[in-house]
1. Among 30, 21, which is the only one that is surrounded by fewer than 17 Cβ atoms within 10 Å (Cβ to Cβ), within 17 Å of residue 98 (Cα to Cα) and touching a helix residue (DSSP H, G or I) at 6+ places or on another chain (Cβ under 6 Å)?
2. Could you list, in sequence order, the residues of region 13-31 that are in a helix (DSSP H, G or I) and within 10 Å of the chain's Cα centre (by Cα)?
3. Based on this model, can you work out whether residue 1 counts as part of a helix (DSSP H, G or I) and over 17 Å from residue 99 (Cβ atoms)?
4. Answer yes if at least one residue in region 89-109 is exposed (fewer than 12 other Cβ atoms within 10 Å of the Cβ), modelled with pLDDT of 85 or more and either over 12 Å from the mean Cα position of the chain (by Cα) or farther than 19 Å from residue 32 by Cβ (or both), and no otherwise.
């Protein structure tokens with residue numbers, strides 16, 4: 001397996017772990033898959049050039065708007081600037097949390113692979 005394949009596999013795993021079916025409940029058919037597909041392709045190398053919180057906020061707003069556009073397109077909802085904004089931001093926040101908190105992400109992967117019951121409770125205790 002090549003390095004690129006491993007990175008893609010890791011991105012898919014983090015995407016699936018951060019965006020579960022219940023995470024975006026009642027947002028519309030296909031929204032979970034749309035968010036996951038967008039997050040798998042999200043290039044975080046741009047973050048290397050961000051110098052302060054203001055630049056990060058701008059970057060996050062841009063990525064949120066792009067994901068929001070994808071979600072609108074999927075469900076053919078073009079009206080209202082706030083349609084899916086919260087859903088898109090929640091998706092990004094959860095994904096970024098798992099990408100930048102490797103200990104938490106690794107625990108999620110291990111527990112989900114091993115099918116440990118009630119793993120959420122165990123994660124909160126640590």
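The values are calculated or read from the model by the stated rules, or taken from the named source; none is laboratory data. This one's a predicted model, so the numbers in the text were calculated from it and none came from an experiment. Because the Cβ atoms are built from the backbone with ideal geometry, glycine has one as well, and the counts that use them run over all protein chains shown.
1. Unique residue meeting the criteria: 21.
2. 14, 15, 16, 17, 18
3. Considered against the rule, which asks whether it is part of a helix (DSSP H, G or I) and over 17 Å from residue 99 (Cβ atoms), residue 1 comes out as no.
4. no
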